[in-house]
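The values are calculated or read from the model by the stated rules, or taken from the named source; none is laboratory data. Not measured: the values here are computed from a predicted model. Glycine also receives a Cβ, built like all others from the backbone with ideal geometry; neighbour counts cover every protein chain displayed.
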Amino acid sequence: MTRLTTVARGLITAFAALLAATAPAATAQAETGPQAPRDFVTLRSVDPTILQEIRYFTPHNFVGERIDGYVQPICVLTRPAAQALHRAQTKLLSQGYTLKVYDCYRPQRAVDHFVRWAKDLDDQAMKDEFYPNVDKTRLFADGYIAEKSGHSRGSTLDVTLVKLPAKPTRPYHPGEPLVPCFAPLEERFPDNSVDMGTGFDCFDTLSHTLDPRVQGGQRANRLLLKSTLEGLGFVNLAEEWWHYTYKPEPYPDTYFDFPVSRKALTSAH
């Protein structure tokens, strides 16, 4: 009996030691969270000259608060997309412009945040700027919000042009009066980008890249961005002048959910 008790105690002690040894590793893994594949990079590591104004890290977006998954205000892309964007930047710098990105890789949890917001018909805090002419009940039917986004595949970005030298853009102050995103440039929220006819994320048909109502300098600006990017492998989404996807996509059927942060890339490099 004493021998069995001794053996049992030894087994219990060994099992406890095993638990103690494995518990920290499991905790560390849980804290790390999803990690990016090896070929995801920060845009800044490929081209530090491209401006970044990551709107979903701020409250200045159609939801009105920082979006889930945006831990840092950085642009993350697949390496081929980032390298192609660098080539576009080289062309545009020689013409007196720089690119500016509003959003790049977008985790699935951010898309889920958009979906929850769209279903909450009582939350229309940012309507006057981002969707003044669209009833919120129509956001899914009209294609402004969807359950999945190409951004989550890592090769899609939202981008604009800024005339050099770039002027600073003042920060948005939550609660400030809102102006429609399609108002004249001097009236809508200030942005140091060239006049594209609407602001970024404007839920309106005027955002369609080739909308015939957008003419003159505004149309010329859209076409300069379009021709430059399409010449280097990007494809524009016809409904959004700012939305481009690099083709062929390295992950055409995979929707990632690692957070937008350098830490999510650390183990991949």
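Scanning the stretch 228-252 for residues that are within 11 Å of S155 (Cα to Cα) and surrounded by fewer than 18 Cβ atoms within 10 Å (Cβ to Cβ) returns V235, K247, P248, P250, Y251, P252.
Go through the residues of the stretch 254-268 one by one and say whether even a single one is of a type in the set (D, E), over 27 Å from S193 (Cβ atoms) and either surrounded by fewer than 13 Cβ atoms within 10 Å (Cβ to Cβ) or not assigned by TED's automatic domain parsing to the domain that holds R153 (or both). No: zero hits. The number of residues in the stretch 197-222 being surrounded by 15 or more Cβ atoms within 10 Å (Cβ to Cβ) and either in a helix (DSSP H, G or I) or without any contact (Cβ under 8 Å) to a residue 12 or more places away in the chain (or both) comes to 6. Within the stretch 84-94, is even one residue over 28 Å from G33 (Cα atoms), of a type in the set (D, E, K, R) and touching a strand residue (DSSP E or B) at 6+ places or on another chain (Cβ under 7 Å)? No, the stretch 84-94 contains no residue that is over 28 Å from G33 (Cα atoms), of a type in the set (D, E, K, R) and touching a strand residue (DSSP E or B) at 6+ places or on another chain (Cβ under 7 Å).
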